[in-house]
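The values are calculated or read from the model by the stated rules, or taken from the named source; none is laboratory data. Computed from a predicted model, the values in this text were never measured in an experiment. Here the Cβ positions follow ideal geometry from the backbone for every residue, glycine too, while neighbour counts run over all protein chains shown.
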Amino acid sequence: MTPRPPKNWPVHVQYLAIPHFHSSVSSDALSFLKGGNSKGIPLPPAPPSLGVIRPVIDPSHPANGQHGLFAARKFPARTLIVEYMGEVHSDDRPTSDYDISLYRFPGESVGVDAATMGNEARFVNDYRGIRPKPNAEFADRWAVGGDFRIGIWSLAEGIRKGDEIVVSYGKSWWAARSLSLTGIGSAETFRGD
């Protein structure tokens, strides 16, 4: 059964409740990421998102005219808000703004790209220009079904209902993006500063 997309979901992006694995991921990486569950047994869906997608209409907001993810309720410290779903891949995606690093194996880097398929997590913006500091972070976790995933978690201060959920994309992300936009280099996938 295909999950129903939430309100404000873009029609050109496939909504996912479980990761989609691209053929570029090696069998060894696939076995690790699925927790040894690479025999065709379905992975459990991600827990429902605790955020809601809203249009950003503030002219001073860096994502004005786009969307953000906002807290549907108050989040205590260290609460899983949403898992980052997308296409899990090992190929190079230098032009995607939605590609983050999941795990690095010897000779293989695996990322999750939510450019064409994903969930609410793809709407989490970088904190720069929005808040003085992030109120959430990317963190790896082993899901209930035994597979390795990335989640977005509230930080120690928690998050108030209605606040935009923002993370740090990392200074390196912005530097690589700047290079790719000028045609000098290509963007890389990573998390954190």
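Per-structure values
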item	result
Scope the stretch 50-91; condition under 16 Å from residue 127 (Cα atoms) and among the acidic types (Asp, Glu); matching residues	58
Residue check for residue 27: surrounded by fewer than 13 Cβ atoms within 10 Å (Cβ to Cβ), modelled with pLDDT under 95 and closer than 18 Å to residue 87 by Cα	yes
Filter pass, residue 51 being buried (at least 16 other Cβ atoms within 10 Å of the Cβ), touching a helix residue (DSSP H, G or I) at 6+ places or on another chain (Cβ under 7 Å) and farther than 30 Å from residue 32 by Cα	no
Qualifying residue in the stretch 141-160 (condition: part of a strand (DSSP E or B), surrounded by fewer than 18 Cβ atoms within 10 Å (Cβ to Cβ) and at pLDDT below 90)	yes
Candidate set: the stretch 63-115, residues that are hydroxyl-bearing (Ser, Thr, Tyr), surrounded by 14 or more Cβ atoms within 10 Å (Cβ to Cβ) and assigned to a loop (DSSP other than H, G, I, E, B); chosen: the one nearest to the chain's Cα centre (by Cα)	84
Close pairs (8 angstrom Cβ cut-off, 6 or more residues apart or separate chains): aromatic (Phe, Trp, Tyr) in the stretch 102-119, part of a loop (DSSP other than H, G, I, E, B) anywhere	105/26
Residue within the stretch 169-183 that is at pLDDT 90 or above, over 15 Å from residue 33 (Cα atoms) and hydroxyl-bearing (Ser, Thr, Tyr) present	no
Within the stretch 116-140, tally of residues that are part of a helix (DSSP H, G or I) and of a type in the set (D, E, K, R)	2
Candidate set from the stretch 116-140 (those that are within 23 Å of residue 24 (Cβ to Cβ) and hydrophobic (A, V, I, L, M, F, W, C)); member that is surrounded by the most Cβ atoms within 10 Å (Cβ to Cβ)	121
Tally of residues being over 18 Å from residue 165 (Cα atoms) and among the polar types (S, T, N, Q) across the stretch 95-147	5
